[in-house]
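Accompanying notes for the structure given below.
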Amino acid sequence: MLQVHDTDQPGPTAGESGPSRPGARRRVRRQRYVRPMKIETVQRWVASAILFHVGSVPAVTLAVYSIGIAATDFGRGVGLWIMSAVIGLLTVVGIRAIFQRTPLTAWLLLGILPTAVTGFYIF
């Protein structure tokens, strides 16, 4: 294991040797080994972050907007509410596809979370 010695005090000046105070303690800091990351991994994380933002904004917006629309026109409000669920589910499935994972998972609940929360206000 590689160790680096670091002190809180400035180093010795001209004419001095050793720490600036007798009995000064040195902190030992461990240096971390950095693993190189593959470019494909970085591209997947960036693409999934972009897809999450692009997909979650319309899903949440439609879910919240459907509350106000359902108060005046129930059919249109429910239609927007269902569209928010579809967009949320497609967003989660797209992120899972970027990482080449199976789309059927418990993470699908995250996609319908805005729809589930606003459902209490619509019905």
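Here, each number is a calculation from the coordinates, and none is a lab measurement. Not measured: the values here are computed from a predicted model.
Pairwise over distinct Cα atoms, reciprocal of the mean inverse distance: report the Kirkwood radius of the stretch 39-122 in Å, one decimal place.
Hydrodynamic radius (Kirkwood, Cα pairs) of the stretch 39-122 is 13.2 Å.
Under the 0.36 nm per residue contour assumption, what length would be gained going from the current alpha-carbon distance of V46 and I67 to full extension?
Once the chain is fully extended between V46 and I67, it gains 4.3 nm.
Under the Karplus relation 6.51 cos²θ - 1.76 cosθ + 1.60, θ = phi - 60°, what is the ordered set of whole-Hz ³J(HN,Hα) values for the stretch 54-59, x standing for Gly and Pro?
Listing the rounded values in order: 5, x, 7, 4, x, 5 Hz.
Determine ³J(HN,Hα), in whole Hz, for all residues of the stretch 38-46 in sequence, where each value follows from phi through the Karplus function 6.51 cos²θ - 1.76 cosθ + 1.60 and θ = phi - 60°; x replaces Gly and Pro.
6, 5, 5, 5, 5, 5, 5, 5, 5
Could you give each residue of the stretch 65-82 its phi-based ³J(HN,Hα) in whole Hz, using Karplus coefficients 6.51, -1.76, 1.60 with θ = phi - 60°, and x for Gly or Pro?
After applying 6.51 cos²θ - 1.76 cosθ + 1.60, I find 5, 5, 5, x, 5, 5, 5, 9, 9, 4, x, 5, x, 5, x, 5, 5, 5 Hz.
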